[in-house]
1. For the chain, what Kirkwood radius comes out of the mean inverse Cα-Cα distance, in Å?
2. Net charge around TRP49, counting only other residues with Cβ within less than 9 Å of its Cβ (Lys, Arg = +1; Asp, Glu = -1)?
3. Note down the relative contact order for the chain as a percent, whole number, built from C-alpha pairs under 8 angstrom at least six residues apart.
4. If the limit is 20 Å between Cα atoms, which of LYS44/LYS234; LYS170/LYS233; LYS31/LYS170; LYS44/LYS86 go over it?
5. Determine the dipole magnitude for the chain: charges of +1 sit on the beta-carbon of Lys and Arg, -1 on that of Asp and Glu, nothing else is charged, the reference point is the Cα centre, and the result goes in debye to the nearest 20.
6. For segment 178-255, what proportion of DSSP beta bridges, expressed in % and rounded to the nearest 5, is antiparallel?
7. Taking amide hydrogens as modeled 1.01 Å from N in the peptide plane, which residues meet the under 5 Å criterion relative to ASP254, leaving out close sequence neighbours?
8. For segment 78-229, divide the Cα radius of gyration by the Kirkwood radius and give the resulting Rg/Rh value with two decimals.
Amino acid sequence: MTHQQSPLGKQSAYIDTYDNSLLFPIARKPKRDAIGIGEELPFKGYDIWTAFELSWLNDKGKPMVALADIIIPCESPCIIESKSFKLYLNSFNNSSFDTPQRVQETLIRDLSHAAGLPVDVTLFFESDLTNQVVHRFDGLCLDDLDISCVEYNVNPELLRNAVSAEPVQKSQVYSHLLKSNCLVTGQPDWGSIQITYSGTRMNHDSLLRYLVSYRNHNEFHEQCVERIFMDIKKHCHPDELTVYARYTRRGGLDINPIRSNRSFTPPVNGRLFRQ
């Protein structure tokens, strides 16, 4: 299915009894073809979702509330369109489940079917989050660089490596200035991004200008992160590269894609200060 056929940007009925047909998968391949990603993926990774608005009725009709972490592997053939995800979660509101485990099992089954590969789901309750703290990205924040920015449509030609710099074993930089727009509605998507790499040192001024150039770009979160990965790979030639973005929530959902050319396990889904 294509994003034009999705419920995004259209008037929708809010169904409050369980309905897994509300989930709308979108094939990754067409956008990956446009970005220049071949059949053999040049990265590994995950799309890490947080669902803040999850509620159902227990077997006595009493409402229950929880948070859910959802981890979708980037090898899955489909992403799940976010508005359809929200509508699907709303359909739990007046539906009875005898245990939280039943809710978890239902989410795993339905989301795995929509994505096309097994999906991990973990439920969290207040008692599980007592000691939760606000996380920060490790590394150097680029946002204090005193630079001029004039380009707000993606321009990978801005990327370049530092001149006469020694290779670095591991460098981590991050920025909170990432903004793009929804591919369908044009609504703003606000994010923070961390880039970890080894090899020739990147020019930080040019990297920040490149990230700022997404400001008027229309693309889904997952696609933006994959485009950033591919552009850095092509123009800066790092030996190892990891791109990790954490977006602010919309409709009770946040999406946090991570892509890397090395093997890794999903990071802890730690909320940043804007999340």
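1. Averaging 1/r across every pair of different Cα atoms and inverting gives 19.7 Å.
2. Residues close to TRP49 contribute a combined charge of -3.
3. Once divided by the residue count of the chain, the mean separation gives 22 percent.
4. Among LYS44/LYS234; LYS170/LYS233; LYS31/LYS170; LYS44/LYS86, the Cα-Cα distance tops 20 Å for LYS31/LYS170; LYS44/LYS86.
5. It works out to roughly 280 debye.
6. Numbers: 13 of 14 bridges.
If we restrict to bridges inside segment 178-255, about 95 percent are antiparallel.
7. Result for ASP254 returns THR50, PHE52.
8. Numbers: Rg = 20.0 Å, Rh = 18.7 Å.
Expressed as Rg/Rh, it is 1.07.
Every number in this text was worked out from the coordinates using simple rules, so none of it is lab data. Just so it is clear, the structure is predicted and the values come from calculations on it, not from any experiment. Here Cβ is always computed from backbone atoms with ideal geometry, including for glycine, and neighbour counts include all displayed protein chains.
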